[in-house]
Structure formats: structure tokens, C-alpha cells
Amino acid sequence: MIAALRTPRGLLTALILLVLAVLPLLTQAFDQRYLLSVGTRIVIWSIAAVSLNMILGYGGLVSFGHAVFFGIGGYAVGILSAHGVSSGWIQWPVALAVATLWAALIGALSLRTRGLYFIMITLAFAQLVYYVGGGLEAYGGDDGLNISRSRFSGLIDLRDKPSFYWLCFAALCGTLWFCGRFANSRFGYVIRGAKSNDLRMMALGFPVFRYRLAAFTISGAFGGLAGILLANEGAYVSPAMMSWVKSGDLIVIVVLGGMGTLLGPLFGAIAFFALEESLPPLLDLLRKGWGEYWQIVFGPLLVLIALYARGGIDSLLGRRAP
Amino acid sequence: MTVPLLSTDRLVKRYGGLLATDNVSIDVASGEIHALIGPNGAGKTTLVGQLTGNVAPDSGTIRFAGQDITRLPTHRRVHLGLARSFQITSVLGEFTALENVALAVQAHAGHSFRFLRDVRGDESLRGPARHCLEEVGLDARAGMPASALSHGEQRQLEIAMALAGDPSLLLLDEPMAGMGVEESQRMIAFLRALKGRRAMLLIEHDMDAVFQLADRITVLVYGRAIASGTPAEIRADEAVRRAYLGDDGMVA
Amino acid sequence: MDYLLLQMLNGVQLGLLMFLLAAGLTLTFGIMDLVNLAHGSLYMMGAYIAWTTIGWTDSFVLGALLALPVIFLLGLVVEAVVARRLYVRNHLDQVLATFGLILFFNELVRVIWGPAGKSIAVPTFLNHTVEILPGVPYPAYRFAIIVVGAVVAVLLAWLVARTRIGMLIRAGASNRRMIGALGVNIELLFSLVFGLGAVFAGLAGLMAAPITSVKIGMGDDILILAFVIIVIGGIGSIKGAFIAAMVVGQIDIVGRAFLPDLLKTFLSASAASSAAPAISQVLVYIVMAGVLVWRPTGLFGQRQ
């Protein structure tokens, strides 16, 4: 533990986790309310990215529809809330169950395919839910739905920004803990082995499909958790939560941070939101008005990352690519 | 005659108009080495695929250890004791040699739906794995990433992984492919030492190795088994000479 | 009955447009093994460039003819600068890089043409109706799209089936290493195929412009549909792409046209008309999922 702090990577990791742990205190001290909401979103997106990393980074399964779990978790909370069920004790387990079931279902269908077919079928299932969300006139259709935040009476008030942040942070810690155990467990080794050679794993006697399906389902459940939190963050759900661009963003975050590494998705989310928040003002410095067009820089940046920075941030910090 | 360990009965596989496997019936008895030879394109790979469960035959049956396994998925066959090594080396490069074998041990240690316990300190997997590495003479390399091993060592690792499940039959798809003379000799010695304890179906181009090791040889040409018998019988077989010898005279 | 016929024609027209888009996509994937998400950007660029050239020339046809070579050049530039480096990479890198290209092109359009959408008028010589059957009028412009789309489809079929380039394309789609062995200048072939795909996409974009609208991101949703088409048809198969495009065109249009009436039998009128477009979109994805479950490599894809 102490030895890990001696490397730049260990030191930076410790620093980041420390800052995240006390972020509400910092933003209060410096009176930067807005930064707390950015921080909350970073933490929620990190949970989703860690969950995607379980199948994408460790399993080599390029799922291009992971944002669907934002939508499923979010809408489960939103629809219950619209019907007057505001207790989190009911909303959250139901939302998690729906996300888990949906993940199991589309996993069972998608994992029969490989390569581009898998990329596209996961995207297609996400689009399917996206259009269903847009067609739910009773729940706002394309415009989305304002909801009241989940209630955990007496325990925690989600309307209080710092409390909500800490809840998200605790959820992130739990997700990271699980992912860290998972990666080095028997199960994780099967998933990682199947990434490098699934035929080999079958020939060793592993029913690879079952393990992948389990991983896909677990990943979907954690994705649903992120969706629940995202819905509560804005007190709002809409189909836009699960547009395919969001799925693309999640892939970007995982690759940017470092695939198949525990903390890579967290680094990736921080970098992603830091770029999103800082590129516009930076470009505005160059010339007034340019900030609006920040994606004209961000897009080519992604191309460069794809071409030249495969290991992501985590490998820049000195971690050997696995 | 006792029931053979593995037997195929009139196995047929078509690809379009091409008969890749044409009514092939072969068998392997417990403890024997049965070699399968034939020129490129003879259908060896397709036959291996059907035995391992990667290719579904159009007709015919495969029996193994007293069971019809024709429709069983790959992993079920492995658990019955049918292990294989690959023609193209396919060790898991990102894991160490020891981890590769430990995974093979794990495949036979019940289900792997265990999410929390760290596998890296799990002696119930690593112990037997170390033993397998010793058996093939790779124990000194246990901690190396498999991708960093030499080609010959990777072939040995393949065998170690196949042995980890204590199979009754080893399906060896060109175990000597790409090996130098010295490495080949070591592999031959190793396989000979295994003989009797495990049955082997050996697919191999190196005729020296085949004639040194095999109890019986089957010759596959254009998807058909044109001859089957002891090495001496195969050497003397007219049909084999015609089909094969013209190539490069390797049955000399 | 006439209504059904008209809607089916609209389905054919949409199907042909999507075939133009899907053809380039399936070729780039089949031959170069490239997942090109930015193909939809070329569709969008086609519409925007045509908007400009039509403005200059004051003629739809002249403007379109001017725009196509520009899009071809644009395709060559994208190929040389980015796509070429991605052929040997894995699908994830390709998805990431071409996703970046989408962001870039969407923003580029905003910089050059501004955030507001544009519209291209239906050319006056086609701004009337034709009687496709006695007493059944059909907009001449949509009919023209069908004709152009069909001509291009036939040309493409001829190109692939009868010419040397087509022979190489087929060889490449079934066995990439083989074209190298034939002693062909692969880089040139790849550039040409990519440029050709860009032209098809651009053509689809500029033809669609007068009946939809020219706006940022217009290529993104239709790109996903095009991917659905090549996946249903089987990646690398022109024939599969054509059949799948026709099927998807029919599902989309006929679904939109007839589902509301069907739904009204058990839903309120307003609920029916708002749910129908969503359901017809969803139908497309259900068909795709069904095909993949039945045949994991599409209708005409190669078995693995």
C-alpha cells in the first residue's frame, strides 16, 4: 500500500481518490457549486464506464449500446415515480432488476454473434429501447420526464447535493471494489482468457458463452445503477440518456482511460469531462467564439488516441499494458 | 476386441459441393498412438474440428468413452476426457505460463462462477499447474508471460495445458509444427514417455515422428481414409504410395 | 389500394437511398475490414456540398454533378489521412476513430454552414406528378430517385459482376490476402473503393435533401439504419445489402403509414399516431435481431 504511493501512478491515484472523497468540502470552501455537479456526473459516468470495462476491457466484447442501461435504470425510476412510487427502497431494486433482466436477455441474443455483428446488434437493441422511450407519450416521449428524486426517508436526502454526491461516490467505490475482485477471480480469468482466445478457452473445457453472458448481465446491472443515479442527479429522464452517442462516449472514456485496467475508466471519465469543460474556454482564449466549436478539436483527438495511444492514460502513467 | 476409446462411424462433412470428410471411420484404442496423415487439403483439419465439436458433421456418429458425442458442445467433450492442442500455437499470451496451465486446471475444478476470491494465491489451481509444467519441462519458465516464450516452449505449454485435465485422449494437431530438429526430438521423446498412459490421435507432417511414435496410421486423401494399418503396412501399401509418395517420397 | 401502392413506392424509394449508403459501407467492411461510422458524415457532406454548388449554378442537376467529384475527393482525403491507417487495426480502434470523425464533421458543418438547417428545393422540372398507373399520381421527384437509385444499383451490380475491379472486389471480400497475391496495387484499389463509397453516400444525401432537410447529424441516424441493413444482408454482400434495404424500406414506410390505423383499433387516436413511428423503428431492429439469432452472419454473409 505504502509502496504503491512511491510511483507517480500510485501517488496520482491516491490524490485523485482523496480529492473525490472530499470534493463537496472543497467545492464548498472555494464556493464552486458548479464543480460539484460536474464531479457528480464524473462519478456516475465512471460507474457506467467501469461496468462497460468489465465486458469491453476485460472481456474484449465491443458493446456499442451500453448507454441503454442509463436509460433502463433511469426510466424504471422515472416511471415508478410518475405513478407515485417515490420510495427508493422500491424504485432502486426494481430498476436494478429490470436492468439485469434486460442485460441477460440481450446478452443471450447478442453473444451468439461476433465482431461487427456483435457491435451492431448491441447498438440495435439500444436503439430499440431508445425509440420505445421516445414513443412513450405518457412519460414525456422525446421530451423526457421530470421526476422527483428517490426517497430514503430518514436515511439520506438526495436533494442535498453533497449527500447525493457522497452516495454516488460510495457506489463508485463499491463498483471499483467488485471490479477489482472480479478481475482476478476465477470468473475474471475465464473472461480475460476468452478475450485473448475464446476457441482456446472452449478447448480447455469452459462453456465460454455462459461466462460471457454472466459478465454481460453483471455489467448491465452496474450500468443500471449508474442510470438510477443519473436520473436522480438531474431529477429528469429522457431518451437522450441512451442515445447512441452516449454509448460512443462511454467507449471513448474506457479507451481513453485504459482498457482492462481497474482505474482506467475513472481516469478516462475525469479526462473526458475535463476536456469537455476546458476545451471551449481554451479555444475562446485563442479567438472569441471558437469555444463553441470545441468538438472540431475533440474529434481529431479521438482519432489520434485510437491511432497512437492504445494503452490510454493508465499506461501513460507507467502501468504496463496487460 | 475391446471397445475403442474413440471411434467415428461414416462421418461426412460437405462444404458446398466439396466432400471435406467422406465417410471416415477411424478409431483410437486406450493407450495407443494413432497417427493421421495426408497431404494438405486432405481434410485433416475438418476431421479434427468435428472431433472437438467446432464443426458439425452432416452425417455419421462420433463415440467417445462409450458415449455418443456427435452433438455435444466442445466443453462437454473436454470434460469427458478429450483434450486437444492446436496446430497454430494458441496459448493465452497475456497470462504467464503458470497462469495458462492454472486456467486449464480450473476448467476441470468445477464451475468458475466465483467472483471474489483472488485466483493468484489459489494453490488448489497453481499446485497442479506447477506439476504439469514440470512434466513438460517448463517449470523454470512458470513466471514468464506466455507471449515471451520461444516457439518450442509455447508448443510445450500447449501440451501442458492439454494434460492439465488428465485426459484419456489427446488430440495433437501438428505438435511439432515449426520446431527445430532438436526440439522435435525432445517432443518425440516426451510423447513416447506419455504413451500407454494416454491415448493420442496425432496429426503430423513430420513423417519421422509419425513412424517413430505411431502404433497405427490412417492416411487421409481428399476426405477419404484410403488406408489404415501399422506403420509397416502403410509403408507397403500401394494406394498410399500412389497417392502420397509422388509428393516428396517421405514414406521412404 | 392506391394508397398501399404509393406507400410501397415510398418504401422502395427509401430502400434505394439506403442501399446507396449501405453499398459503400458493406464494400469498405468486406474488402478493407473497416467499420466506418463516418460513412454517414459523407452522406451529410454530400447534401451540404450540393446545397452550395446548387446555389452557385442555380441548377439542381449541374450542382449535383459538381458536388459528386468534390465528395469523391473528400472520400480520398479521408481515406488517405485516417481510414488507411485503420485497415489493420481492430474494430474497437476503428469505432473510436471514426466516431471522432463524426464529431469532427458535424462541427465542421456548423463552422462552415452555420447551425441552422438548409433546404434544397425540388428541381422545377421534377416539381410535378407523374401517373404511374392510370389515375394514380406520384411525385415526379420521388420517382426520379427511384430511377436513379435503380440505375446506380444496376451499375454497381454490373461493376461487381462483370469488370476487373469487380472481380478484385469480390476476391477481396471473400479472401483479403488473395488480392495481394494477384499482384494488384491494393492501396489504389482501397482508395478507389472508399472514394466510390463516398460518392454513393454523397449521392444519397443530396438526393434525399429535397424531401427531408439538410441538417447537422442527418447522417447519424440513417447510418445506423444502413448498418442494420448490411448486418441483416450479411457483411460484404451487395446482394444482401440490396434485399435488406428493400425490406427495411418497406417496414419503415409501411409501418408508419399503416400502423396508426391498426393501432387505433385498440388505442386512442392520438396515442396511436404518436406510437406508430416508434413502433415501426422498433420493428426494424426486431427484424435485425431475429435475423441474427437465426443466422448470426446475416442472410448472405459468410459462415464462420
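What follows draws every value from the coordinates through simple rules; no lab data is involved. Here the structure is a predicted model, which means the values were calculated and not measured. Glycine also receives a Cβ, built like all others from the backbone with ideal geometry; neighbour counts cover every protein chain displayed.
Numerical summary
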| item | result |
| --- | --- |
| Mean Cα-pair separation over length for region A:34-242, i.e. relative contact order, pairs under 8 Å, 6 or more apart, % | 46 percent |
| Two-decimal Rg/Rh across region A:34-242, once Rg and the Kirkwood Rh are taken from alpha-carbon atoms | 1.00 |
| Convex hull volume per residue in cubic angstrom - Cα atoms of region B:145-252 | 121 Å³ |
| GNM top mover of A:A306, A:A49, A:A194 - chain A, alpha-carbon springs below 10 Å | A:A306 |
| Cα-Cα P(r), chain C, percent of pairs per 20 Å interval | 32, 58, 10, 0 |
| Per-pair calculated FRET efficiency, R0 = 35 Å: B:L116 and A:L18 via Cβ, rounded to 0.05 | 0.85 |
| Highest-first arrangement of A:255-261, B:148-154, where packing means the average Cβ count within 10 Å | A:255-261, B:148-154 |
| Helical segments meeting 20 Å axial Cα length and Kyte-Doolittle 0.5 threshold in chain C (DSSP H) | C:2-32, C:60-78, C:91-113, C:140-162, C:186-208, C:218-233, C:238-264, C:269-294 |
| Rounded tilt (10° steps) of B:97-107 against the dominant C-alpha axis of chain B | 80 degrees |
| Gaussian network model of chain A, Cα within-10 Å springs - most flexible of A:R287, A:R149, A:R114 | A:R287 |
| Cα long-axis angle, helix B:181-194 against chain B (0 to 90 degrees, to the nearest 10) | 90 degrees |
| Surface/4 of the Cα convex hull for chain B, nm² | 14.4 nm² |
| Set of lysines with alpha-carbon distance to A:K195 below 29 Å, sequence-local pairs under 8 removed | A:K246, B:K44 |
| 19 Å Cα-Cα reach of C:K264 towards aspartates and glutamates, excluding residues that sit fewer than 8 places from it in its own chain | A:E137, C:D252 |
| Distance histogram for the protein assembly as shown (every C-alpha pair counted, 10 angstrom bins, percent rounded to whole numbers) | 2, 11, 19, 22, 19, 14, 8, 4, 1, 0 |
| Projected area, mean over directions - region A:175-322, Cα convex hull, nm² | 11.2 nm² |
| For residues of C:280-293, the mean tally of beta carbons on other chains within 10 Å | 5 |
| Global geometry of region C:50-168, whether rounded, prolate or oblate, following the gyration tensor of its Cα atoms and the 1.5 cut on a/c | oblate |
| Choice from C:I102, C:I286, C:I31 showing the highest fluctuation, given a GNM over chain C with Cα pairs closer than 10 Å | C:I286 |
| Exercise: per-residue mean of other protein chain Cβ atoms within 10 Å, B:91-104 | 4 |
| Mean Cβ count within 10 Å, highest first, over the residues of peptides B:17-26, C:159-168 | B:17-26, C:159-168 |
| q = 0.23, 0.24 Å⁻¹: log10 I(q)/I(0) that the Debye formula gives for region C:1-113, counting C-alpha atoms only | -1.26, -1.31 |
| At least 18 Å along the helix axis (C-alpha) and Kyte average at least 1.0, DSSP helices within chain A | A:8-21, A:33-56, A:68-82, A:88-110, A:115-135, A:244-257, A:264-286, A:295-308 |
| Dmax and Rg, reported as Rg then Dmax, of region A:10-58 (C-alpha, Å) | 13.1, 40 |
| For residues of A:188-196, the mean tally of beta carbons on other chains within 10 Å | 6 |
